[in-house]
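Since the structure comes first, as C-alpha cells, the remarks are kept for the end.
The values are calculated or read from the model by the stated rules, or taken from the named source; none is laboratory data. Computed from a predicted structure; not experimentally measured. Using ideal geometry, Cβ is built from the backbone for each residue, glycine included, and neighbour counts are taken over all protein chains shown. Each accessible area value is taken on the protein alone, full model and side chains, heavy atoms only, with ligands, DNA and RNA left out. Shrake-Rupley method; radii C 1.70, N 1.55, O 1.52, S 1.80 Å.
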Amino acid sequence: MNKMKGLYPEYNGEELREVVYGHTPVPDYKITEGGVVISYKVSKAGKVMKWTQRSGAADYPSVSIAIPSEILDVVDKDSWNYIHAPDNMVKRRINVHQLVADTWLDFENNCPEHLTPWWDDCDVEFKRELRQYFHVDHIDSDRWNPNVSNLKFVSARANNTHNKKTVIKNNS
C-alpha cells in the first residue's frame, strides 16, 4: 500500500533553507526542518512539493528534484533514478529525511556516536568524504517523521532493523 500517494505536507511559514545534496546547495528548492520542500522553479514558484513513496520496497516519503549534473559525482543514464531534465539537469527522486539531514544537520559537527574519540582530529574534507558511508536514522523509528529533531547519522550496522530490535529488546 502506498501511504505517501498524493500527500502534500503543510507549510506554516517555518524557516526555509536551500536544499543541500552532496554538500552542495541545489538551486530553486528550499526545505523546512520538518521536510516540507518548496520549489522555486519558474513554472512552480513557491509550490509545496508532493511527497510520494520512492518505490514499493522503500516506504519513505520522497520528492523529485532537478539537480545540476555538475554537482553529481556520477550521472548514470542507465540508472532507474536518472531522468534527463532540460538545461543539463538530472531529475532525482530523493528521500525527504536525507534532504532534511543534509540541509539541517551539520555532519561535520554531528558525529556518528562510534567515531566520537577521533572526530575532532579529522579535517572537514575527510568528514565530508565519510558522509556517503553513513545512513540517516529515524530516532523514533517512524519513517514518516523526517523532522530534523528525529534524525541522526549512524553507520549501516547501527541502522540495521535487526540490530535496532535487538537493542530495544535488551534494553526493556
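Of the helices (runs of 4 or more DSSP H) lying entirely inside the range 91-139, those containing at least 3 residues that are open to solvent by less than 80 Å² (accessible area, probe 1.4 Å) and of a type outside the set (F, W, Y) span 96-104, 124-130. Cβ separations smaller than 9 Å between residues 6+ apart or across chains give the following pairs from the range 88-103 residues that are under 15 Å from L72 (Cα atoms) and polar (S, T, N, Q) to residues that are modelled with pLDDT under 95 and part of a strand (DSSP E or B): N88/P68.
For the range 28-49, filtering for residues that are closer than 16 Å to D102 by Cα and open to solvent by 50 Å² or more (accessible area, probe 1.4 Å) leaves 2. Scan the range 120-163 for residues that are under 25 Å from E10 (Cβ atoms) and of a type in the set (G, A, S) and the total you get is 2. Checked against the criterion of being more than 30 Å from V42 (Cα to Cα), open to solvent by 50 Å² or more (accessible area, probe 1.4 Å) and either in a loop (DSSP other than H, G, I, E, B) or modelled with pLDDT of 90 or more (or both), the candidates K152, K165, K77 yield just one match: K152. For the range 132-142, the criterion of being at pLDDT 75 or above, out of contact with any His (no Cβ under 7 Å at 6 or more places or on another chain) and among the small types (G, A, S) is satisfied by at least one residue. When you check F126 against the structure, is it more than 19 Å from the chain's Cα centre (by Cα), modelled with pLDDT of 85 or more and under 23 Å from T24 (Cα atoms), yes or no? Here the answer is yes, as F126 does meet what is asked.
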